[in-house]
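Read the structure below first, then the notes.
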Amino acid sequence: MKTKYWITELIIFLLAGLFFYTASDKLLDYDQFVWQINNQPFDNSLTPILAPALPAVELLLTILLLWRRTSLIGLFGAGVLMSIFTIYIALVNLSFYDRVPCSCATAFEHLSWPQHLMINTSFLVLAVIGFNLLRQQKH
């Protein structure tokens, strides 16, 4: 039982660290982030919504993950957000878009798209495992 607890704690810590880092990276160079959002293959009319919403959601998930009472909701939200990001990167790998500049956090900008897909899939799997483990612990 202790092992599952510590695995869950590690998963929460890794996901919270990821979301805090990526949100901070976006906010510290916000103009660059807005430029990257505008340079994505979807409609630029979404930029006024996406640019502030993405780091805000990532920071919210960080808080939800780290607060014991809301960590299950945080894990669910992490799974949803990682699913969206992973699907987007899978579509990139399948050449669905004509052009795709990366609007990734600084630590991830030099990865190839297959490497990026592997990392995102790994974090998605961690979110699902963490959610299931924590749900079991709460019952």
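Comparing Ile63, Ile89, Ile49 in a Gaussian network model of the chain, where Cα atoms under 10 Å apart are tied by springs, the biggest mean-square fluctuation is seen for Ile49.
Could you tally the net charge around Thr70, taking each other residue with its Cβ under 14 Å from the Cβ of Thr70, Lys/Arg +1 and Asp/Glu -1? Every neighbour counted, the sum reads +4. Which of Leu50, Gln115, Leu15 sits farthest toward the positive end of the charge dipole of the chain, with +1 on the Cβ of Lys and Arg and -1 on the Cβ of Asp and Glu? Going by the charge dipole, the pick is Leu15.
Placing unit charges on each Cβ (+1 for Lys and Arg, -1 for Asp and Glu) gives the chain a dipole about its Cα centre, and among Val34, Val128, Thr86 the Cα reaching farthest toward its positive end belongs to Val128. What's the longest piece of the chain with no exposed chymotrypsin sites (Phe, Trp or Tyr not before Pro), counting a site as exposed if DSSP puts it in a loop and it has at most 14 other beta carbons within 10 Å? The longest uninterrupted stretch comes out as 98-139. Subtracting the Cα-Cα distance of Ile87 and Gln32 from their residue separation scaled by 0.36 nm leaves 17.5 nm.
Identify the trypsin sites (Lys or Arg not before Pro) of segment 1-100 meeting these criteria: DSSP loop state and at most 14 other C-beta atoms within 10 Å of the C-beta. When the trypsin sites (Lys or Arg not before Pro) of segment 1-100 are filtered for loop state and at most 14 Cβ neighbours within 10 Å, Arg99 remain. Please determine, in degrees from 0 to 90 and to the nearest 10, the orientation of helix 47-66 with respect to the longest principal axis defined by the Cα atoms of the chain, where the helix direction is its Cα long axis. The two axes meet at around 20 degrees.
Once R0 is set to 30 Å, what does the formula 1/(1 + (r/R0)^6) return for the Cβ-Cβ distance between Ala53 and Lys4, expressed as a FRET efficiency to the nearest 0.05? So the FRET efficiency works out to roughly 0.35.
Only Lys, Arg, Asp and Glu carry charge here, each on its Cβ (+1 for the first two, -1 for the last two); on that basis the chain has a dipole of about 820 debye about its Cα centre.
Distance between the C-alpha centres of segment 114-135 and segment 44-81: 15 Å, rounded to the whole angstrom. Electrostatic bookkeeping for Leu15 treats Lys and Arg as +1 and Asp and Glu as -1; over the other residues with beta carbon under 12 Å from its beta carbon, the sum is -2.
Read the figures in this text as sums done on the coordinates, not as results from a lab. Being a predicted model, the structure only gives us computed values, none of them experimental. Using ideal geometry, Cβ is built from the backbone for each residue, glycine included, and neighbour counts are taken over all protein chains shown.
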